[in-house]
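Okay, so here's the structure we're looking at.
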Amino acid sequence: MNPLAKNQKNILISALLLMGFAVAGALMVGVTHILTKADIHRNEQLTLLRKLNNIIPASQYDNDLLTDTVSIAADQLLGINKREIIYRARKQKRDVAVVLPIIAPDGYNGPIEMLVGIYKTGKIAGVRIIEQRETPGLGDQAQIKHSKWILGFNQKSLHQPDAKHWKVKRDGGVFDQFTGATITPRAIVKAVHHALIYFNKHQAELFRPQTHSQPAAEKKHV
Amino acid sequence: MSRQAAGFQAEITRNGLWNNNMSLVQLLGLCPLLAVSSTVVNGLGLGIATLVTLVISNSAVSLVRPCLKSEIRIPIFVLIIASIVTTIELIMDAWWHELYLVLGIFIPLIVTNCAIMGRAEAFASKNNVLNSALDGFMTGLGFTLVLFVLGAMRELIGQGTLFANAQLMFGSLGQALTVTVIPDYHGFLLAMLPPGAFIGLGLLIAIKNVIDKRMAQRKTASVKLTPTAEATTA
């Protein structure tokens, strides 16, 4: 065999080998994906439901929170820049509350993602941080696992306190700041206030019954 | 023969755990080590995941040894390691979801842990399956131990607890494991931040070197002693 042909054969063997390994690896990942898909989906749903129940206790509603959803357009007030899913709590067919995803764009280390629950009465049911990169030990006090600060929003509304006092204390408002960190609480207070304004404007739309014309893709996202 | 094999396996064990420790001697895989060692539980989680990956990847590489060609061995290692890590990630997401939520972003980091590639190249591609699996296990254990000690140091100094969030890994049983060593501790931020990880790792390396030096001294001392002792008895 001449050296060129031998070389070509070598390359071919290498390519086939590499392909074989790629197929085997893809098969392994694919099979695992199929086997774990259901469990992973269930875990995600449970985690989400737990988060929502921290904001609106399960005793206050009797509908299926995870399926009674509506999607809303991107909105500056909420800080969201794409369509997002909101969740509605109802008891005996009467509207109880909505949970909105909001983003405070001006956190100390970038945007802070939150969920805020608002009762039909306009009072806040609860606020929780979902995603944040604030300084550990300073700005991360907004997380419930570090401090109870975030519970200070409960029962507040657009009128209680009034717009002038929807600020941290340093800015003349009613909300505490953290020791050594004002930027984070300021950003969160502002975002929650904006969420209330949004709720006030769009209340009817937020509670509107779920229509079946909702694209399936959005439901799947839940 | 079997005696030789046992000696070789003892050497693998010593190398993996101490003499050639992945993080203290080879200084490989520092990125996940430094990122995740802020608490004992996080450290253990990543350590165990890395250990499992190492055992499986070393075994797999050793198994396919006959069909390896030297020009394409590196891409093949990459394929094997990436598939294994992705599989582990999916399984963790399905069965240990809470832990996955904590460690999730670090699991893909295992792929970038060059120590795994290093073991595949330096050991598994030249040795049989049993020894390769043992090498993977011991190297992984050495890595896990460092993560554990560094995690304990940082957690204790940083937030005054040990085994916080152990329930994420051990279920309800873990809750009892959490120890608040220093009550009402206000925390020492530096230990929790990346610089704390670097300082801690530096200290561990220094301690290891001191111990090694002591042991070497003792060895030479005993070597010197023996002939004189023999001489006196003679």
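So here's what we get for this one:
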quantity: The stretch B:3-233 - percent of accessible surface contributed by carbon and sulfur, probe 1.4 Å; calculated: 70 percent
quantity: Chain A - Rg over Rh from alpha carbon coordinates, Kirkwood radius; calculated: 1.21
quantity: Span-rule helices in chain B, defined as complete DSSP H runs reaching 15 Å or more along the axis (Cα) with Kyte mean at least 1.6; calculated: B:40-63, B:73-95
quantity: Whole-number percent relative contact order across chain B, with pairs defined as alpha carbons under 8 Å at least 6 apart; calculated: 30 percent
quantity: Sequence-distant residues sharing a close amide H with A:Y87 (under 5 Å, placed H); calculated: A:V99
quantity: Descending Cα extents along the principal axes, the stretch B:47-136, whole Å; calculated: 40, 24, 18
quantity: Summed buried accessible surface, chains B and A, 1.4 Å probe, nearest 100 Å²; calculated: 1900 Å²
quantity: Mean Cα-pair separation over length for the stretch B:42-181, i.e. relative contact order, pairs under 8 Å, 6 or more apart, %; calculated: 38 percent
quantity: Mean Cβ count within 10 Å, highest first, over the residues of peptides A:196-208, B:24-36; calculated: B:24-36, A:196-208
quantity: Those lysines that a straight Cα-Cα span of less than 16 Å connects to A:K6, excepting residues fewer than 8 apart in one chain; calculated: B:K69
quantity: Accessible area per residue, Å², the stretch B:3-233 with all protein chains present, probe 1.4 Å; calculated: 50 Å²
quantity: Computed accessible area, B:S23, all protein chains, 1.4 angstrom probe, square angstrom; calculated: 0 Å²
quantity: Restraint check, A:K148/A:K201; A:K93/A:K120; A:K82/A:K164; A:K123/A:K190; A:K51/A:K93; A:K169/A:K190, Cα-Cα greater than 20 Å; calculated: A:K148/A:K201; A:K82/A:K164; A:K51/A:K93
quantity: Peptide A:5-17 - average C-beta neighbours from other chains (10 Å radius); calculated: 2
quantity: Computed accessible area, B:M117, all protein chains, 1.4 angstrom probe, square angstrom; calculated: 50 Å²
quantity: 10 Å Cβ neighbours from other chains, averaged over peptide B:82-94; calculated: 5
quantity: Shielded by partner chains, the stretch A:110-154 residues - at least 20 Å² of accessible area, 1.4 Å probe, vs chain alone; calculated: A:P136
quantity: Packing rank of A:134-147, B:151-164, where each peptide gets the mean count of other beta carbons within 10 Å, highest leading; calculated: B:151-164, A:134-147
quantity: Using alpha-carbon coordinates, inclination of helix A:183-207 to the longest axis of chain A, degrees; calculated: 90 degrees
quantity: 5 angstrom amide H check on A:I80, placed H, neighbours 5+ away; calculated: A:D75, A:I103
quantity: Set of the stretch B:139-163 residues, backbone N closer than 18 Å to the point 7 Å along the Cα-Cβ line of B:L203; calculated: B:145-163
quantity: Chain A: angle of helix A:3-55 to the longest principal axis, Cα-based, in degrees nearest 10; calculated: 20 degrees
quantity: At 0.692 mPa s and 37 °C, Stokes D of the protein assembly as shown from Kirkwood alpha-carbon radius, µm² per second; calculated: 126 µm²/s
quantity: Relative contact order for chain A, counting Cα pairs under 8 Å that sit 6 or more residues apart, in percent; calculated: 16 percent
quantity: Tail weight of P(r) past 29 Å, computed on alpha-carbon pairs of chain B, percent; calculated: 38 percent
quantity: Residue-averaged beta-carbon neighbours from other chains (10 angstrom radius) around B:158-165; calculated: 1
quantity: Hz values of 3J(HN,Hα) by residue in the stretch A:102-115 - Karplus curve (6.51, -1.76, 1.60), Gly and Pro given as x; calculated: 10, 10, 8, x, 10, x, 5, 10, x, x, 10, 8, 9, 10
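The values are calculated or read from the model by the stated rules, or taken from the named source; none is laboratory data. Predicted model, so just to flag it, every value in this text is computed and none were measured. Here Cβ is always computed from backbone atoms with ideal geometry, including for glycine, and neighbour counts include all displayed protein chains. When the accessible area is computed, the model is the full protein with side chains, heavy atoms only, and any ligands, DNA or RNA have been set aside. Shrake-Rupley method; radii C 1.70, N 1.55, O 1.52, S 1.80 Å.
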